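Engineer: Please see the structure below; I have some questions.
The values are calculated or read from the model by the stated rules, or taken from the named source; none is laboratory data. Everything quoted here is computed from the prediction, not taken from an experiment. Note that each Cβ is placed from the backbone with ideal geometry, even for glycine, and that neighbours are counted across all protein chains shown. For the accessible areas, the whole protein counts, side chains as well, though only heavy atoms, and no ligand, DNA or RNA atoms are used. Shrake-Rupley method; radii C 1.70, N 1.55, O 1.52, S 1.80 Å.
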Amino acid sequence: MSRRIAVSVTAGVVVLAGAGAFALAYAGDQPPALAHSTARYTAPAGDSDGSLTFTTDVTASPGVKSVKVLAWPENSSLAKQKLTTKDMTAAEAATCKPSGKDTVQCTYTTTVTSDEAAASPHGAWHIAVLAEAKDGTTTLDNKAADFTVR
């Protein structure tokens, strides 16, 4: 192999290795990503309780540490001030199960009694989600999904 070709091949390998290392480092710094978020609210009827179920897929290359969920009415003070990660520390945890290489599917379900439904504001509600990766990066989506209380 001529010296010129050998130098070109070596330079190409160095450039590709550097680009690959950069891509891996960049991918590691990405916060968790939410996808396919849905909320389903079923009102209580008669003697039967209702329910609220929220599901989302969370992807994080270092792995998902936790997912917290908070339902809030649109006509509340939270509509004027955005939730913070500090606000979400007391939120309830979703249950997550692996569904891919770096992805988990998380579900949060709670029952809604007739008394709770009667005392809740009627109208549009939103689900806020705080996802935390194992490396400490976070994603907060104040309106990951919506539902209506009638």
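Engineer: Are there any trypsin sites (Lys or Arg not before Pro) in region 33-88 that are in a DSSP loop and have at most 13 other Cβ atoms within 10 Å? List them by number. Before the final figure, lay out each step's value.
Structural biologist: Values: sites: 40, 65, 68, 80, 82, 86; in loops: 80, 82, 86.
Answer in residue order: 80, 82, 86.
Engineer: Next up: Leaving ligands, DNA and RNA out of it, report the carbon-plus-sulfur percent of the accessible area of region 76-150 at a 1.4 Å probe.
Structural biologist: With neighbouring chains kept in place, the figure for region 76-150 is 49 percent.
Engineer: Highest mean first, how do 90-99, 55-64 rank when packing is the count of other Cβ atoms within 10 Å averaged over residues? It would help to have the intermediate numbers written out before the result.
Structural biologist: On the way: 90-99: 13.5, 55-64: 18.8.
Result, highest mean Cβ count within 10 Å first: 55-64, 90-99.
Engineer: Sticking with this one: Report the paramagnetic label zone for residue 92: residues of region 99-125 whose backbone N is under 14 Å from a point 7 Å from Cα along the Cα-to-Cβ axis.
Structural biologist: Counting only backbone N, you get 107-114, 116-117.
Engineer: Which net charge results for the neighbourhood of residue 133, defined as the other residues with beta-carbon distances under 15 angstrom from its beta-carbon, given Lys and Arg at +1 and Asp and Glu at -1?
Structural biologist: On the way: positive: 65, 68, 101, 134; negative: 29, 57, 102, 132, 135, 141.
So the environment of residue 133 carries a net charge of -2.
Engineer: Right, here's the next one. Tally Lys and Arg at +1 and Asp and Glu at -1 over the other residues with C-beta under 14 Å from the C-beta of residue 111: what net charge comes out? List each step's numbers first, then the result.
Structural biologist: Values: positive: 40; negative: 47, 49, 92, 115, 116.
Here the charged neighbours net out to -4.
Engineer: Shape of region 86-131 from its Cα gyration tensor (a ≥ b ≥ c, root eigenvalues): rounded if a/c is under 1.5, otherwise prolate when a/b > b/c, or oblate? Mind dumping the intermediate values first?
Structural biologist: On the way: a/c = 2.68, a/b = 1.99, b/c = 1.35.
Prolate is the answer for region 86-131, as a/c is 1.5 or above and a/b outweighs b/c.
Engineer: Per the Cauchy relation, a quarter of the hull surface: what is the mean projected area of the convex hull of the alpha carbons in region 41-115, in nm²? Before the final figure, lay out the partial values.
Structural biologist: Working: hull surface 26.2 nm².
Across all orientations, region 41-115 yields a mean hull projection of 6.5 nm².
Engineer: Let me ask you something else. Hey, what did region 46-150 get for relative contact order, percent, Cα under 8 Å, at least 6 apart? Mind showing how you got there, number by number?
Structural biologist: Working: 203 pairs, mean separation 39.1, N = 105.
Answer for region 46-150 is 37 percent.
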